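Participant: The following block contains the structure, expressed as structure tokens.
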Amino acid sequence: MSPLERQVCEAVVRTAVALADQGFLAGVGGNLALRIDARHFAVTPSASDYYAMAPEDICILRLDTLEQLAGNGKPSVESGLHARVLKTRPDCNASVHTHQPVASAFTLLDRPLPVTSPAARQAIGGDVPMCAYAPSGTRWLTANVGKRVQARLNAYLMRNHGAVCLGATLEDACHVVRLLEQEAIAWFRQALAAQPHNPLHQQALNALTA
């Protein structure tokens, strides 16, 4: 492993642990990728405990063929999805797939998420589109997300699945993750508050404001 590859793999491990600490990666669900250079990227291994993961477990793949060149683990099943996103957005070096709780709940509604905060709109790039459902790890999911990716739009929801957030750096992508969750919470709060006399809605609203 070259010094640059080790630096990238260490950054991926640190970020994965931080996202898990914040509740954005559920169990062994979710994954993230970071570009190494024009031809290679690093991705988290499949079904791994983020708290037990070491830099040597991070998989280094070719961006064009997904051939694994290094790493003790088996590459994430979403490696193809990350590669497609990174190839489509050369301005982005980081791709994070989360199972963040509130934004993931929003994907059950099968609709775009309005982004109302000026700060969030600036970082995310606009309203967040909903990508059609496809099973995890399939070329159909990769295609469904890939065809929605566009310049300057850094968050995408996947029907019944979760989200993909992009950034020039891992820090930028994680910032988008947090803003996406805040926007989803804000949407649910507004929707629930519109029916204040429904006891179930009030319970849900109390949970969101806790």
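The values are calculated or read from the model by the stated rules, or taken from the named source; none is laboratory data. For clarity, every value in this text was computed on a predicted model and none was experimentally measured. Here the Cβ positions follow ideal geometry from the backbone for every residue, glycine too, while neighbour counts run over all protein chains shown. Please note that ligands, DNA and RNA were not included when accessible areas were found on the heavy atoms of the full protein model with its side chains. Shrake-Rupley method; radii C 1.70, N 1.55, O 1.52, S 1.80 Å.
Participant: Per residue, how much accessible area does the range 4-93 show when a 1.4 Å probe rolls over the protein heavy atoms, in square angstrom?
Facilitator: Value returned for the range 4-93: 43 Å² of accessible area per residue.
Participant: While we're on this one: Return the long-range amide H neighbours of Asp127 (sequence gap of 5 or more, or a different chain), with a cut-off of under 5 Å between placed amide H atoms.
Facilitator: Val115
Participant: For Arg159, what charge total do you get from the other residues with a beta carbon under 12 Å from its beta carbon, if Lys and Arg give +1 and Asp and Glu give -1?
Facilitator: +1
Participant: Moving on to the next point. State to the nearest 20 debye the size of the charge dipole of the range 16-96 about its Cα centre, where the only charges are +1 on K and R beta carbons and -1 on D and E beta carbons.
Facilitator: 300 debye
Participant: Let a ≥ b ≥ c be the square roots of the eigenvalues of the Cα gyration tensor of the range 22-101; is it rounded (a/c under 1.5), or, if not, prolate (a/b larger than b/c) or oblate?
Facilitator: Note, shape of the range 22-101 comes out oblate.
Participant: Report the one residue of Gly137, Ala94, Ala16 whose Cα lies farthest in the direction of the positive end of the charge dipole of the chain (charges on C-beta: Lys and Arg +1, Asp and Glu -1; origin at the Cα centre).
Facilitator: Farthest towards the positive end: Gly137.
Participant: Could you look at the chain and say what percent of its accessible area is carbon and sulfur, using a 1.4 Å probe and all protein chains?
Facilitator: 53 percent
Participant: Rounded to the nearest Å, what's the spacing between the alpha carbon centres of the range 88-129 and the range 42-76? Just the number, please.
Facilitator: After rounding, the separation between the Cα centres reads 25 Å.
Participant: Next question. Give me the net charge of Val145's neighbourhood, meaning all other residues with Cβ under 10 Å from the Cβ of Val145; Lys, Arg count +1, Asp, Glu -1.
Facilitator: Neighbour charge sum, excluding Val145 itself: +2.
Participant: Tell me the mean residue ellipticity at 222 nm calculated for the chain from its helices only (DSSP H runs of n ≥ 4, each -39500 (n - 2.57), averaged over every residue, nearest 500).
Facilitator: That comes out to -12500 deg cm²/dmol.
Participant: Separate question: If you place +1 on the Cβ of every Lys and Arg and -1 on the Cβ of every Asp and Glu, how big does the dipole about the Cα centre of the chain come out, in debye to the nearest 20?
Facilitator: Magnitude of the dipole: close to 620 debye.
Participant: Around Glu67, what is the net charge, scoring Lys/Arg as +1 and Asp/Glu as -1 over all other residues with Cβ under 14 Å from its Cβ?
Facilitator: Taking every other residue near Glu67 into account, the sum is +2.
Participant: With both bridge residues required to lie in the chain, what share of the DSSP beta bridges run antiparallel, to the nearest 5%?
Facilitator: That works out to approximately 90 percent antiparallel.
Participant: Related question: When you count, for each residue, the other Cβ atoms within 10 Å and take the mean per peptide, how do 11-24, 84-97 rank with the highest first?
Facilitator: 84-97, 11-24
Participant: Here's another thing I want to ask about it. Taking the Cα of Ser136, stepping 7 Å toward and past its beta carbon, and measuring to each backbone N in the range 73-99: which are under 11 Å?
Facilitator: Those under the cut-off are 77-78, 98-99.
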